[in-house]
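Written below as structure tokens is the structure these notes are about.
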Amino acid sequence: MRRLLFDTTALVPAALLSACLVIAMPTRAADAASVIGPDGHPVDAHTAVRPDPPGALGPTSVHPNAAAGLAMPYAAARIDVTGFHYDALRTGWNPNEKVLNVANVGSGKFGLLTTLNVDGNVYAQPLLVSRFPIGNGVADEAATLHDVLVIATGHNTVYAFDAQNYALLWQRNLGPSQSPSDVGCSDVVPEYGITSTPVIVRESTAHASIYLVAETEPTKNDFHTTLHRLSLADGSDVVTPVDINPQATLTDGTTISFDAKNQWSRAALAWGTKSVYVTITSHCDNNAGNISGWVLRYTPALQQAAAFNTIDDQAAYKLASVWGSGFGPALDSSGRVYTVTGNGDFDGDQGGRNYGQSVLALAPGLARVTTSFTPGAYGALNSEDSDFGSGGVMLLPTLGSAPPLAVAIGKDAVLYLLNQKSLGGYSLNDSGALQALRLAPGGKGVWGGPAYYGSPTGPLVYVQTTNAVLQSFALSATANPTLALAASGTSVGGWGGSMPIVSSNASTPGTGIVWLVKRMQSPQIEAYDASNLGAPLYQAIAGSWSSTRNNAYLTAMEANGRVYVGTYKTVTVFGLTP
């Protein structure tokens, strides 16, 4: 049963009250950024210019000791980062960082080491495989060991760099990208290519596969969304690529199919139960009455093994896309798949299978919804284009006597604490949620998702909403868990907040750092002491962006003493110098 905490003055200092209000029922105001689309429903103002938040910095120079920094011994204890936000739970926590800590990141010895040039927007999170043998274009036990940094771009090019010296190991283009003008949606410019974060599976010491989705347009208005499996050794096809094209029979007997023009893959791919999972969203809510969100399961041979469509009949406004601003679906230890849907009809409480504005837990085979949660205000969310699904769902590790927990937040800026095993269903007052915290006015929420840290003082959850500061919430890991505001940063973020990550040496004091990309015309990297936030330890321009909408829904990646930020045609690399 959800606990409703009405006396906020007993929970947080008065100065912080305006940033964290506990709500009893889901209420909200209209989103002024919404406009009425051709289907009569609000859609984002896709061409609107969004001004930078305060705190813009000047250009970032390479650290004067960058060359010496690159020559320093590389991390001895290395990790792989093979998927979005480090793990299947999507915690965003790297607990194995032995090089960077609060003291040295804030010392002046941390800075920009180098910039890698690529050919398009880098929406996809950089990935890393350590000590992988590559030699003469093949992988074998006798080949040279490399720490391989994988970058995928909106121009449909995949790059593999050596993560120690940043030499290019190989690159491959997967075909002409899609034109936003041909698609009829300009939420991503100048092109649609590889946008969702790939997932890498290391089958053995010397063999690994990169699974990714590329959007192509070989000739004008000939649209394809294609699943690839590439060799990490040289980028060649491990198996023949396949076009994504699921179909389903609806309750009225009609068939619904994937729409290659109006749909695409936005959320990060996932791996589990020896399968790769791909989710599908729409472009600008176009053709909303005739398309569905999808969760798809493929075998390593790229055969479609299962498909779950988020609607069960066709009407004026179904949709229920799965996008999360790139935040990927999460998997628990049993293989259940958790995701969040956006604008769309809902009748799951009446035995139907329309699942708009919902957190869903799907059985490993995707045959059914095992449990779900839908905000009581889902109708208002639809009418105001306040997708719950603008954010992803993060699962938490086992904590004390608490039940298995999940955290979700979307455009409406309500942070929900949920029980993984029984997400809470639907009720007008959200009584099935363990807790609901309103963090900002409606429509000023999160395009992305939260992060988690097992800090020296206990579990913390980090969230940043639109034009607000970064916040941490302490979690009481009891049989009746709650979240309470613990600390706030000082730097105001951009549109849609951010997707923070955390690095630390386990729970060792003084090692926890929160990293985020501040969404601006020139995106900024920021680092905070994870224990108390406050002023950033480090700030720097990380590159430029291709859109005046400041929709750089990006996440940094930190591993082995280095921090990577992909932007428009560059990847910036930050680290220590002598």
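Loop only by DSSP, 12 or fewer other Cβ within 10 Å of the Cβ. Give me the trypsin sites (Lys or Arg not before Pro) in segment 236-281 that pass, ordered by residue number. Let's see the in-between values first.
Details: sites: LYS261, ARG266, LYS274; in loops: LYS261, ARG266, LYS274.
Those satisfying the criteria are LYS274.
Going by a ≥ b ≥ c, the root eigenvalues of the Cα gyration tensor, does segment 91-202 fall in the rounded group (a/c under 1.5), the prolate group (a/b larger than b/c) or the oblate group? Write out the running numbers ahead of the final one.
Numbers: a/c = 2.18, a/b = 1.31, b/c = 1.66.
Here segment 91-202 falls in the oblate category.
If I compute volume of the Cα convex hull per residue in Å³ from the structure I just sent, which labelled value in (i) 132; (ii) 199; (iii) 208 lines up?
(i)
Within segment 331-406, list the trypsin sites (Lys or Arg not before Pro) lying in a DSSP loop whose Cβ has at most 14 other Cβ atoms in a 10 Å radius.
Qualifying residues, ordered by number: ARG368.
For SER130, SER472, SER334, what ranking results if the residue with the fewest other Cβ atoms within 10 Å of its Cβ goes first?
Values: SER130 19, SER472 25, SER334 12.
The fewest-first ordering by Cβ neighbours comes to SER334, SER130, SER472.
Which whole-number percentage describes the relative contact order of the chain, with Cα contacts under 8 Å and a sequence gap of 6 or more?
Computed over the chain, the figure is 17 percent.
With +1 on the Cβ of every Lys and Arg and -1 on the Cβ of every Asp and Glu, and nothing else charged, how large is the dipole of segment 424-578 about its Cα centre, in debye rounded to the nearest 20?
380 debye
Using +1 at the Cβ of each Lys and Arg and -1 at the Cβ of each Asp and Glu in the chain, identify which of GLY489, VAL201, ASN505 lies farthest towards the dipole's positive end.
Looking along the dipole axis, the top candidate is ASN505.
Show the residues, 5+ positions off or on another chain, whose built amide H is closer than 5 Å to the amide H of ALA305.
It is ARG297, TYR298, THR299, by chain and number.
Using the Karplus equation 6.51 cos²θ - 1.76 cosθ + 1.60 (θ = phi - 60°), what ³J(HN,Hα) coupling, rounded to whole Hz, does each residue of segment 298-311 give in order, writing x for Gly and Pro?
10, 7, x, 7, 6, 8, 5, 9, 6, 8, 10, 9, 7, 10
What ³J(HN,Hα) values, in whole Hz, does the Karplus curve 6.51 cos²θ - 1.76 cosθ + 1.60 give for segment 73-90 when θ = phi - 60°, with x put for Gly and Pro?
Going residue by residue, I get x, 6, 3, 6, 8, 10, 10, 9, 10, 9, x, 4, 6, 6, 8, 5, 6, 6 Hz, with x marking Gly and Pro.
Let's see if you can work this out: charge +1 on each Lys and Arg Cβ, -1 on each Asp and Glu Cβ, no other charges. What is the dipole magnitude of the chain about its Cα centre, in debye to the nearest 20?
1080 debye
FYI, it's all coordinate maths here, none of it is from the lab. Computed from a predicted structure; not experimentally measured. Using ideal geometry, Cβ is built from the backbone for each residue, glycine included, and neighbour counts are taken over all protein chains shown.
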